[in-house]
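Coordinate-derived values only; no laboratory data. Here the structure is a predicted model, which means the values were calculated and not measured. Don't worry about glycine lacking a Cβ; one is built from the backbone with ideal geometry, like all the others, and counts go over all protein chains shown.
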Amino acid sequence: MMFWKSGLVAVSATIGIAFIYITRTKYQAPLVSCEQGHGYLYPGNYLVYLSHGHSLEKHAKTVSVAVNRDIRDHIWWILPDSYYPGQVVYSGKRVDDELLGGVRADKGVQEIHCEVGELVPEGLQLQVS
């Protein structure tokens, strides 16, 4: 028996009979720095790195089709092109699990970083915009 696997198609051939098995895997952009130990995690806040050449407009449309919501309502800031030339990087705020799922499903998303910071000293009040 011989077995070949390439991308989404796996082919198995046994005694001259070929079987083709096609699987569909749903793309999910990787989450980075989302485990405890990287600092204080700000729930719902993410830095989203789009792949080179993937526009914010195309990304917003893809997310909207996936979850019927507009990610642009949750963008706090976008890095200037001089930081990552040809690549869009933005900060998403108040992103719930459903919206995060739509962002992660966009094949044009390279990776998503959970927003982390230092632990907030006791008694300090954060103002969230």
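The table that follows gives values for the structure above.
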quantity	calculated
Likely footprinting exposure, 35, 115, fewest C-beta neighbours within 10 Å first	35, 115
Net charge of neighbours whose Cβ lies under 13 Å from the Cβ of residue 31, counting Lys and Arg as +1 and Asp and Glu as -1	-3
Tensor-based shape of the stretch 31-117 (alpha-carbon gyration tensor, a/c under 1.5 rounded, otherwise prolate or oblate)	oblate
Gained length - residue 61 relative to residue 75, 0.36 nm times residue gap less alpha-carbon distance	3.6 nm
